[in-house]
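Asker: Take a look at the following structure, please.
The values are calculated or read from the model by the stated rules, or taken from the named source; none is laboratory data. Worth saying up front: this structure is predicted, and the values here are computed from it rather than measured. Cβ: placed from backbone, ideal geometry, glycine included. Neighbour counts: every protein chain shown. Accessible surface is based on the protein model in full, side chains and every heavy atom, while ligands, DNA and RNA are left aside. Shrake-Rupley method; radii C 1.70, N 1.55, O 1.52, S 1.80 Å.
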Amino acid sequence: MVAIQLFNEIGSIFRNTPTFALVLETLLVITVIWLLLHRRGGGRRRQLTKEEEDRIIADYEPEPLVADTDPNHPLLHTRVVQSKVGKRIKVDGHDCLNLGSHNYLGFLEDQEILEKACKSLRKYGVGSCGPRGFYGTMDVHLDLEDRIAKFMGLEEAIVYSYGFSTVASAIPAYAKRGDLIFVDEAVNFAIQKGLDASRSSIVFFKHNDVEDLERLLIEQEKRDQKNPKKAAKTRRFLVAEGIYMNTGEICPLPELLALRQKYKLRLFIDESISFGTLGQGGHGVTEHFNVDRDEVDLISAGMEGSMATVGGFCVGSHFIAEHQRLSGLGYIFSASLPPMLTQAAISALDRFEREPQIFEQLQAKSKTLHQKFLRFSKLTLRGDELSPVKHLYLAQPAENFDKELKLLTELADKCIARGVAVVQAAYLQNRERQPVRPSIRIAVNRLLESADIDNAFEVIESVSSSVL
């Protein structure tokens, strides 16, 4: 009786089950049986003899861990500095005017800053030997963070021990998988690494092209309307530089802020070059355009340019800083900034506040050099006239990247031999998100005199005419 009842129940199940479901289940059963039989069959393959195994191992040639390197690669033949870095520098035995170091305000040779750094060295020693969360926080670190926040007129700042890791850690501290980041295609390599670490969806817009950015935002808005539930959970970020390292051009901040407000974006600005160079008081691109710094969600900057030290900082609201103390990988896992370099940054801020005329002096020198360098016959200049970073390109492009880089390297070497230190911009070409054209990167120093600029122009013009 039990067997008959069970048979009737099974028959009822088959009668009530759709035909396509029965077919699917049958195919799944057949597939499982085939896989089991195939696996068993694979186990009966002939075992290799000891001699055959030894021969296969002996014939095996593993691929090299790294590809063959060009022995003539520029990075294998670096120029050697043999003096203190300042307005003048000794490179490979040649005493040169320095147009290659990012010493915008000339603080690398400032005696007051040097003496205070040495005093800090005698008090604290060379380094901290620990991250900020594990006995690496000293009173000078807290003083510097407090000073930066007050200087920028914002709630709180956080200091990193390495400029590159600052923005590369700040971006993934907030942006995560599933978020959207709209980014200028010319951003520096540190920002690119931060984007990679965030695992967010990245949308590049044309360099300083606000219309292209809005076009992309409108397209995204249309996609959001088709899936409002997903759109409600997706955070949107906008990332730009105050002055772009790769072009020397200033971002159109007022237009970016208008789009931030219109499309509800979180705006991150990297001011590694613009901090301490733009604005009447050196406060950066926000002061340059006279916009409220509270409108920018996060401002980051390296201290390796205008402040002439090491490290970087992020500044903004209390939440912006505190969140990074728990999520900024470069902050959590790196030894803290050496105290003497921290003191050098504090001393630089003292000079910022005590002598605000230094920013006007730097901007005047940048304008003077810009107008002079526009006259090159074989080279073209790129960058804003107020920017301390400018790029020189071949006026007549070479047939390929390698040829153009070789010509610029030769030009730089001959300029150094004649007493003007310039350097071709270095990129990890196979790692950059967008192709970068080779160039000579010029860094303006506040201490340059008109005669220095005239001499640099004459040397570069003469060398470029002979090389090109």
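Asker: What is the angle, in °, between the Cα long axis of helix 210-226 and the longest principal axis of the Cα atoms in the chain? Nearest 10 is fine, range 0 to 90.
Answerer: Between the helix axis and the principal axis of the chain, the angle is about 20 degrees.
Asker: Step through the residues of the stretch 432-444 one at a time and calculate ³J(HN,Hα) from phi using the Karplus curve (6.51 cos²θ - 1.76 cosθ + 1.60, θ = phi - 60°), rounding each to whole Hz and writing x for Gly and Pro.
Answerer: So the J values, rounded to whole Hz, are 5, 5, 10, x, 10, 6, x, 7, 9, 8, 9, 10, 7.
Asker: Right, next: So what's the angle, to the nearest 10 degrees on a 0 to 90 scale, between helix 401-417 and the longest Cα principal axis of the chain?
Answerer: Compared with the principal axis, the helix lies near 30 degrees.
Asker: Can you work out the FRET efficiency for the pair Lys229 and Leu428, with r the C-beta to C-beta distance and R0 = 60 Å, to the nearest 0.05?
Answerer: 0.90
Asker: Which ³J(HN,Hα) values, rounded to whole Hz and listed in residue order, are derived for the stretch 376-393 from phi using the Karplus coefficients 6.51, -1.76 and 1.60 in 6.51 cos²θ - 1.76 cosθ + 1.60 with θ = phi - 60°, glycine and proline given as x?
Answerer: Result, rounded to whole Hz: 4, 8, 10, 10, 10, 9, 10, x, 6, 5, 7, 6, x, 10, 9, 10, 10, 10.
Asker: Give the value in nm², to one decimal: projected area of the alpha carbon convex hull of the stretch 67-116, averaged over all directions.
Answerer: Mean projected area for the stretch 67-116: 5.4 nm², to one decimal.
Asker: Got a sec to turn the phi values of the stretch 317-329 into Karplus ³J(HN,Hα) couplings, 6.51 cos²θ - 1.76 cosθ + 1.60 with θ = phi - 60°, whole Hz, x for Gly and Pro?
Answerer: 6, 4, 4, 4, 6, 5, 4, 5, 5, 10, 10, x, 4
Asker: Still on this model: Please give the per residue accessible area of the chain, computed with a probe of 1.4 Å over protein heavy atoms only, in Å².
Answerer: Per-residue accessible area for the chain comes out at 53 Å².
Asker: Right, something else. Multiplying the sequence separation of Asp70 and Phe457 by 0.36 nm and subtracting their Cα-Cα distance, what value in nm do you get?
Answerer: Working it through step by step, the gained length comes to 136.0 nm.
Asker: Under a Cβ-only charge scheme (Lys and Arg +1, Asp and Glu -1), can you give me the dipole magnitude of the chain about the Cα centre, in debye to the nearest 20?
Answerer: 1280 debye
Asker: Report the Rg/Rh value for the stretch 111-354, based on alpha-carbon coordinates and the Kirkwood definition of Rh.
Answerer: Taking Rh as the inverse mean 1/r over Cα pairs, Rg/Rh reads 0.99.
Asker: Which FRET efficiency value, to the nearest 0.05, do you get for Gln261 and His94 by plugging their Cβ-Cβ distance into 1/(1 + (r/R0)^6) with R0 = 56 Å?
Answerer: The computed FRET efficiency comes out at 0.60.
Asker: While we're looking at this one, here's another question. Work out Dmax and Rg for the stretch 238-313 from the C-alpha atoms and quote the Rg first, both in angstrom.
Answerer: Considering the stretch 238-313 through its Cα atoms, Rg and Dmax are 11.9, 38 Å.
Asker: Right, something else. Expressed as an acute angle from 0 to 90° and rounded to the nearest 10, what is the orientation of the C-alpha long axis of helix 163-174 relative to the principal long axis of the chain?
Answerer: 40 degrees
Asker: If we sort 158-166, 60-68, 430-438, 29-37 on the protection proxy, mean other Cβ atoms within 10 Å, highest first, what's the order?
Answerer: 158-166, 430-438, 29-37, 60-68
Asker: Per the helix-only calculation at 222 nm, which mean residue ellipticity applies to the chain, given -39500 (n - 2.57) for every DSSP H run of n ≥ 4 and division by its residues, nearest 500 deg cm²/dmol?
Answerer: Helices in the chain give a 222 nm mean residue ellipticity of -15000 deg cm²/dmol.
Asker: Around Gly305, which amide H atoms from residues at least 5 apart in sequence, or from another chain, sit under 5 Å from its own amide H, with H modelled in the peptide plane?
Answerer: Excluding prolines and chain starts, which carry no amide H, there are no hits.
Asker: Based only on the alpha carbon positions, what is the Kirkwood hydrodynamic radius of the chain, in angstrom?
Answerer: It works out to 26.0 Å.
Asker: Ok, one more. Quick one: which residues, 5+ away or cross-chain, put their amide H under 5 Å from the amide H of Leu267? H built at 1.01 Å from N.
Answerer: Sorted by chain and number, the residues that satisfy this are Leu238, Asp297, Leu298.
Asker: Students often check this: by mean Cβ neighbours within 10 Å, which of 48-55, 134-141, 459-466, 371-378 ranks highest, and how do the rest follow?
Answerer: The most tightly packed comes first, giving 459-466, 134-141, 371-378, 48-55.
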